[in-house]
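Asker: For reference, the structure I am asking about is given below.
What follows draws every value from the coordinates through simple rules; no lab data is involved. Keep in mind the model is a prediction, meaning the values are calculated, not measured. For neighbour counting, all protein chains shown are included, and Cβ atoms are generated from backbone atoms with ideal geometry for every residue, glycine included.
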Amino acid sequence: MSVRGRHGCRVNVVDTPGRSRFAADFAPLPPGKGLGLASPGRDWQPRGMGMDSELQKHYASLLGIGSPWEIRTVELKLTEKKVEIELGWQWGADAQCPECGLKCSIHDSAPERTWRHLDTMQFTTLIRARTPRSNCPEHGVKTMTVPWAAPLARFTLLFERFAVEVLLASASVSQGCGLLGIGWDTAQEIMRRAVERGLDRRQLEGLKHLGMDEKSFKRGQSYITLLTDLEKSRVLDVVEERTTEAAGQLWGTLTPDQKQAVEAVAVDMWEPFIRTIQEQVPDADIVHDKFHVSKYLGEAVNKVRRQEHKELMAQGDETLKGTRQLWLYNPQNFSPKQADEFSALKDLHLKVARAWAAKELFSKFWDYQQEGWARRFFKDWFGWVSRSRLKPLIEVAQMLKRHLENLLTYLEHRITNAVTEGLNSKIQSLKSAARGFRNFANYRIRILFFCGKLDLYPL
């Protein structure tokens, strides 16, 4: 059925299965009569319908569409739960070169494209349009940009913004995909584009204290290396592997001026990391993280326990059986039963008890305010450990002595990799929720999306 409005605009009323009766096909408008946010321009109303230019104005407002673009058709497909909106370029309107902004003539139109938009009343909403191609005297024929979407994007700006908010708020990417009605690959593409925007906009001035640490990527000896901003609790960048070359690549995310501003880097005693920091930020202090030191000492205590347990079991003595956690846990977190059991163990003059005491004593090193007193403490502690005849502990003490200067820098900067460890825990949660990643590129995008504190939203 065809109905003609008072100004001669033709409306086709469709009455086929799966389509709403108000879906309309508007004929091209004469020059100067374009519809859009800027100039709605019509007041006709088809007979027997509530559908008129108000629907066009409604969607023009929702999309932010104005002259020279106009809403041509709005079609509701009930069975498909879909709304399709066709946009068109007003006849006679000038084109604009996307490279230089010069007004010029239209050469032709690019093939029709489709963009996903925000849902309309839970109906998937799609935008279709043929984008004009400008004929610029300087840059030649170029496809123009559209106001509702970024170049090469398959979604409108409003949909991308909403998708970013949903993905950030979801417990997992899978949950976000379900809420948005999109697939995993689509979500990954949205996150990739968001991360690219965020990295382009990121301001890194004022970097002062950084952290560098590795984390396992896949089972086996596969690692990633992270550079973190300790003051703002964010991941600056991630690279694959934990080699000198990889660490050097990681520092490429900073400009020479930004590197110059770095005062200290918290890092463990992994030599490739140390060499890279010395090369890339030679004026920055290296601060060996006290949590890594505690980890090394804890591992030494556990080695002593295993050796002693093996010796005692050979004699039929099960004193140390099932006590591993007692020597590794913080006694302040013990239950009353565990506290009593541990107290009894310490009174038995075990080798592991002496190793544990040495580990606990070293924690006082971090409390010193003056370097001289800290040096004296370390000298005394090192002498005691050297005479302990506990080989695993002696080996760690010798390692700490080699890196003493970078332990003492803690007294000035008071930084640790606790922030990095917290980010590592969040990254592990992302990894677990995703059940692993097919490649490092996807892993990196996910880390920067959730842990980079980037400005992810489209303009």
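Asker: Using amide H atoms built 1.01 Å from N in the peptide plane, name the residues 5+ places from Ser67, or on other chains, whose amide H lies under 5 Å from its own.
Answerer: Leu37, Ala38, Ser39
Asker: Still on this structure, I have one more. For Phe155, enumerate residues with amide H under 5 Å from its amide H, sequence gap 5+ or separate chain, H modeled in the peptide plane.
Answerer: Those qualifying (amide H under 5 Å, at least 5 residues apart or on another chain) are Arg116.
Asker: Using the Karplus equation 6.51 cos²θ - 1.76 cosθ + 1.60 (θ = phi - 60°), what ³J(HN,Hα) coupling, rounded to whole Hz, does each residue of segment 232-242 give in order, writing x for Gly and Pro?
Answerer: For segment 232-242, the Karplus curve yields 9, 6, 9, 7, 7, 6, 9, 10, 7, 6, 10 Hz.
Asker: Using the number of other C-beta atoms within 10 angstrom as an exposure proxy, rank Arg133, Arg305 with the fewest first.
Answerer: By the 10 Å Cβ count, ascending, the order reads Arg133, Arg305.
Asker: Counting other C-beta atoms within 10 Å, which of Glu189, Glu395 has the fewest, and how do the rest follow?
Answerer: The most exposed by this proxy come first: Glu395, Glu189.
Asker: Restrict the search to segment 275-331; then list the GluC sites (Glu not before Pro) that DSSP places in a loop and that have at most 12 other Cβ atoms within 10 Å of their Cβ.
Answerer: Filter output for segment 275-331: Glu318.
Asker: Would you order Met399, Met191 from fewest to most other beta-carbon atoms within 10 Å of each residue's own beta-carbon?
Answerer: Met399, Met191
Asker: If you take every residue apart from Glu412 with its C-beta less than 11 Å away from the C-beta of Glu412, what net charge results, scoring Lys and Arg +1 and Asp and Glu -1?
Answerer: -2
Asker: Between the alpha-carbon centers of segment 282-313 and segment 118-195, tell me the distance in whole angstrom.
Answerer: For segment 282-313 versus segment 118-195, the Cα centre distance is 50 Å.
Asker: Work out how far the C-alpha atoms of segment 78-131 reach from end to end along every principal axis, then list the three figures in whole Å, largest first.
Answerer: Extents along the principal axes: 43, 19, 17 Å.
Asker: If you take the square roots of the eigenvalues of the alpha-carbon gyration tensor of segment 290-413 and sort them as a ≥ b ≥ c, do you get rounded (a/c under 1.5), prolate (a/b over b/c) or oblate?
Answerer: In terms of gyration-tensor shape, prolate.
Asker: Compute the angle between helix 271-280 and the longest alpha-carbon principal axis of the chain, please, reported from 0 to 90 degrees and rounded to the nearest 10.
Answerer: Orientation of helix 271-280: about 60 degrees from the principal axis.
Asker: Follow-up question, since we're still on this one. By the gyration tensor of its Cα atoms, with a ≥ b ≥ c the square roots of the eigenvalues, what is the shape of segment 286-346: rounded for a/c under 1.5, prolate for a/b over b/c, or oblate?
Answerer: Since a/c reaches 1.5 but b/c is at least a/b, the shape of segment 286-346 is classed as oblate.
Asker: Trp270: net charge of surrounding residues, Cβ under 10 Å, Lys/Arg +1, Asp/Glu -1, itself excluded?
Answerer: Taking every other residue near Trp270 into account, the sum is -2.
Asker: Also, I was wondering about something else. Roughly what angle does helix 440-451 make with the longest principal axis of the chain, taking Cα atoms, 0 to 90 degrees, to the nearest 10?
Answerer: That helix lies at roughly 90 degrees to the long axis.
Asker: Can you tell me the 0 to 90 degree angle between the C-alpha axis of helix 184-201 and the longest principal axis of the chain, rounded to 10?
Answerer: Once rounded, one gets 80 degrees.
Asker: If you don't mind, there's one more thing I want to ask. For segment 303-312, take each phi angle, set θ = phi - 60°, evaluate the Karplus expression 6.51 cos²θ - 1.76 cosθ + 1.60, and give the result in whole Hz per residue in order, putting x for glycine and proline.
Answerer: 5, 4, 4, 4, 4, 5, 4, 4, 5, 5
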